[in-house]
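Written out below as structure tokens is the structure these notes cover.
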There are 2 protein chains.
Amino acid sequence: KSPSSKKPLRSGSAAFTARAEASSSGGINPEIRKDEAKVVDNVLVAELAKPLTAYCRCWRSGTFPLCDGSHVKHNKETGDNVGPLLLKK
Amino acid sequence: KSPSSKKPLRSGSAAFTARAEASSSGGINPEIRKDEAKVVDNVLVAELAKPLTAYCRCWRSGTFPLCDGSHVKHNKETGDNVGPLLLKK
Ligand code: FES
Ligand code: FES
């Protein structure tokens, strides 16, 4: 991108700030549902549709609370070893 | 503790190093099962014993993969907003 791009500089800055703050403070969730004091999700296991459903524990999924595989990139970039919780019917 | 304590200085240093590394690198799991390349857990939902079971997503639980409430301390100390996944029968 050129410096004269019309895209305003502040675009994305909130997300960047959230990431920087989460990281510098030791937080683990940079972006997900930051309007909520505590992100808790409920699963009614009787309503699970598939034999196997993966739930995110890395706080990087684009389909949170489901896992979308983003833990792979997170682990590679940081040296971490996190992965999902697999619910099996 | 006095500096002349017989407890060796290196006691606990591995955990400290893991925490420091996880934090500085952006990792989110300081200590849990660091011998595993990726920490994945399976839940057979048919075998859930209780009407409600909380699974940890903060990587701070002493009973991981179950939630033991440690997310409260983590959130308070870091300003984060993470919480468990609740499985309901
Ligand atoms: S995307 Fe978060 S655990 Fe898979
Ligand atoms: S102890 Fe980790 S989410 Fe509750």
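For every residue, the table says whether it meets (1) within 16 Å of ligand 1 (Cβ to nearest atom); (2) facing chain B (nearest Cβ under 7 Å).
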| site | (1), (2) |
| --- | --- |
| A:Pro30 | yes, no |
| A:Lys34 | no, yes |
| A:Lys38 | no, yes |
| A:Asp41 | yes, yes |
| A:Leu48 | no, yes |
| A:Tyr55 | yes, yes |
| A:Arg60 | yes, no |
| A:Phe64 | yes, no |
| A:Ser70 | yes, no |
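Return the residue satisfying two criteria in turn: it lies in the stretch A:29-85 and is within 14 Å of ligand 2 (Cβ to nearest atom) and touching an Asp or Glu at 6+ places or on another chain (Cβ under 6 Å), and of such residues it is farthest from B:Ala54 (Cα to Cα).
Result: A:Asn29.
Just give me the residues in the stretch A:26-51 being among the small types (Gly, Ala, Ser) and surrounded by 16 or more Cβ atoms within 10 Å (Cβ to Cβ), in sequence order.
Residues satisfying the conditions are A:Gly26, A:Gly27.
Hey, among B:Ala54, B:Ala14, B:Ala22, which residue is surrounded by 15 or more Cβ atoms within 10 Å (Cβ to Cβ), at pLDDT below 95 and among the small types (Gly, Ala, Ser)?
B:Ala22
The values are calculated or read from the model by the stated rules, or taken from the named source; none is laboratory data. As the structure is a prediction and not an experimental result, all values here were calculated from the model. Neighbour counts are summed over all protein chains in view; Cβ atoms, including those assigned to glycine, are modelled from backbone coordinates with ideal geometry.
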